[in-house]
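Presented below is the structure to which this report refers.
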Amino acid sequence: MADFFIGGEWVGAAGGGTREIRCPADGSLVATVDEGTGEDTERAIAAARAAFDDGAWSSTPSWQRGDLLLRVADLLDRDRDAFARAESLDTGKRLVESEYDMADIAACFRYYGKLAGQDAGRVVDTGDADAVSRIVHEPVGVCGLITPWNYPLLQTAWKVAPALAAGNTFVLKPSELTPHTAILLMRILTEAGLPAGVGNLVLGAGAAAGAPLAEHPDVDLVSFTGGLATGRVIAASAAATVKKVALELGGKNPNVVFADADFETAVDYALTAIFLHSGQVCSAGSRLIVQEEIHDAFVDEVVRRAELIRLGGPFDPEAETGPLISAAHREKVERYVATALAEGAVLRTGGRRPDDEKLADGFYYLPTVLDGVAQGSTAVREESFGPVLTVETFTDEDDAVRIANDTHYGLAGAVFTSDASRAQRVAGRLRHGTVWINDFHPYLPQAEWGGFKQSGFGRELGPTGLAEYQEVKHIYQNLRPAPQRWFSGDS
Ligand code: NAD
């Protein structure tokens, strides 16, 4: 086996470690891959450092770097089916969802491919005809990129595309549970012409293979997407070498439904908000916050529809959503629900594994609705990252905003109402990095994504997503240098 890509070569784990990747839908063996340790990551860091310090990639004209990204987008389109299949086998998500992801991934590479060539910096008015002043953007250097398992290649694209557009080199460490599309991506980057050492890949567990990316002095920036607890560890490790840090962490995302919202539409979106990909979405609308006069009818309808959702594997044409990523993750969701019930939540539906024998080998969990959750309870504070919807009730606009903001997270939120003024007022008051009005989940490569509060810092996507990977330098030139005579000297 040779699943790591280091310095332009496919190599195996130095220590000979391996890991079995199993499909969460039925536990079947997808493949056995190399399992790295810090030693492998340090080799990859050395390769990325050498490639950056050599200067060939960072001094490649930005439009040429952009052209390479556009070629990558075309190759991703060409190989869409193989990528989507690999993503579905690793994650258990429906093939059609992986296909949607592939379109978004190619779009991300296209966006940064086009943006790369447009960045000529800025000329500053010095007020002096004999002085020229410019602001230029330079790559940060060696980037450590650490990604999660829920949208493996999409989260990777959000980092790799801008990192390369800006002229950096990188070491990618994807989730140990879902490595395959990262391997395929490295092949495509090479085919598109990426020079050896610019892009490097290691696989393995976070504490072993991932940790050096936050700790190592030769890494200039670490960009991490994952859970809050890991984010805290990474920020603390990175502080020792004062490297740049970007954190995209979890969310406890409010979905606020006013009584004047279109009922059927709001119910429909409330379901997609939480049950898409079985809730394993950082921006999942896990907190339904509904106005009291429609509470009963609204929750009844959400429960009725949730009970109709069909579970199944990635290639089951009848399936509407899939399994959780692992046995351990399902146990975490089960503990979350047990705690919520112990704290007084009312179980309206779900709260257990499905009875269907066909699903017995996968890590399935029924769509679950918990009503009557108390403010400040564990259920409204902590991310379950599973198909679990909690319901809270509000009286008026101020109450809705207060409840929606009562969380240490701040990733995303939504408001459903037919009153356009109210929609804008509430959107302005929500302390979350993305707010949807009468919609849930859409994101665009050209629009920034990221969290307020403990959902992280830094932004991905949009022009800010490129700026994350750039240093800003001021270059000032005196066109008529002559002695200043500030000090009298001997004249
Ligand atoms: P995780 O934090 O367990 O792992 C994420 C990545 O970090 C993995 O590659 C893992 O191997 C690595 N890692 C773990 N410990 C590490 C360490 N000590 N040093 C370096 N790397 C380490 O998260 P997960 O379970 O893979 O993903 C789920 C979480 O990700 C959820 O909390 C979700 O909300 C969040 N997420 C956020 C966004 C966003 O855009 N904000 C997007 C997707 C997922």
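Bridgeable lysines around K453 (alpha carbons under 25 Å apart, same-chain partners fewer than 8 residues away excluded): K159, K243, K244, K252, K332.
So if a site counts as exposed when it's one of the trypsin sites (Lys or Arg not before Pro), its DSSP state isn't H, G, I, E or B, and it has at most 13 other Cβ atoms within 10 Å, what's the longest stretch of the chain without one? After excluding every exposed loop site, the longest remaining stretch is 1-309.
Start at zero, step by 5 Å, and the Cα-Cα distances of region 367-449 spread as 3, 13, 21, 26, 21, 12, 4, 0 percent across the bins.
Taking only Cα atoms, what is the 0 to 90° angle, nearest 10, from helix 180-192's long axis to the longest principal axis of the chain? So the helix axis and the longest Cα principal axis differ by about 30 degrees.
The largest-to-smallest principal axis extents of the Cα set in the chain are 89, 56, 39 Å.
Under a 5 Å amide H cut-off, with hydrogens placed 1.01 Å from N, V245 pairs with V222 among residues at least 5 apart or on other chains. Phi angles across region 272-284 convert, under the Karplus curve 6.51 cos²θ - 1.76 cosθ + 1.60 with θ = phi - 60°, into 3J(HN,Hα) values of 5, 3, 10, 8, 4, 6, 6, x, 8, 9, 4, 9, 4 Hz, Gly and Pro given as x. The phi torsions of region 467-477, fed into the Karplus equation with coefficients 6.51, -1.76 and 1.60 and a -60° offset, translate into couplings of 4, 4, 9, 10, 8, 10, 10, 9, 10, 10, 10 Hz, rounded to whole numbers, with Gly and Pro shown as x. Evaluating 6.51 cos²θ - 1.76 cosθ + 1.60 at θ = phi - 60° for every residue in region 45-54, the Karplus couplings come out as 5, 4, 5, 5, 5, 4, 5, 6, 5, 5 Hz, glycine and proline recorded as x. With contacts taken as Cα pairs under 8 Å and at least 6 residues apart, region 214-328 reaches a relative contact order of 21 percent. Here the chain carries DSSP beta bridges of which approximately 40% are antiparallel, counting only pairs with both residues inside. Across every direction, the projection of the convex hull enclosing the Cα atoms of region 411-461 has a mean area of 3.5 nm².
Between amide H atoms placed 1.01 Å from N, distances below 5 Å from V373 occur with V346, V391, all of them 5 or more places distant or on a separate chain.
Each Cα pair under 8 Å and six or more residues apart adds its separation to the average, and for region 38-145 the resulting relative contact order is 31 percent. Over all pairs of different C-alpha atoms, region 30-128 has a mean inverse distance whose reciprocal, the Kirkwood radius, equals 16.8 Å.
Size of region 1-83: Rg and Dmax of its alpha carbons, in Å, are 16.9, 48. In this structure, the amide hydrogen of Y469, modeled 1.01 Å from its nitrogen in the peptide plane, lies closer than 5 angstrom to no residue at least 5 positions away or on a different chain.
Output the 0 to 90 degree angle, nearest 10, between the alpha-carbon long axis of helix 295-306 and the longest principal axis computed from the alpha carbons of the chain. Around 80 degrees separate the two axes. Entry for region 106-225 at q = 0.15, 0.18, 0.20 Å⁻¹: log10 I(q)/I(0) = -0.70, -0.93, -1.10, Debye formula applied to identical alpha-carbon scatterers, no solvent contribution. Look at the alpha carbon pairs under 8 Å that are at least 6 residues apart: their mean separation over the length of the chain gives a relative contact order of 18 percent.
Rule-based calculations on the coordinates, nothing more; no lab input. All figures in this text were calculated on a predicted structure; none of them were measured in a lab. A quick note on method: Cβ atoms are made from the backbone with ideal geometry, for glycine too, and the neighbour counts reach across all protein chains shown.
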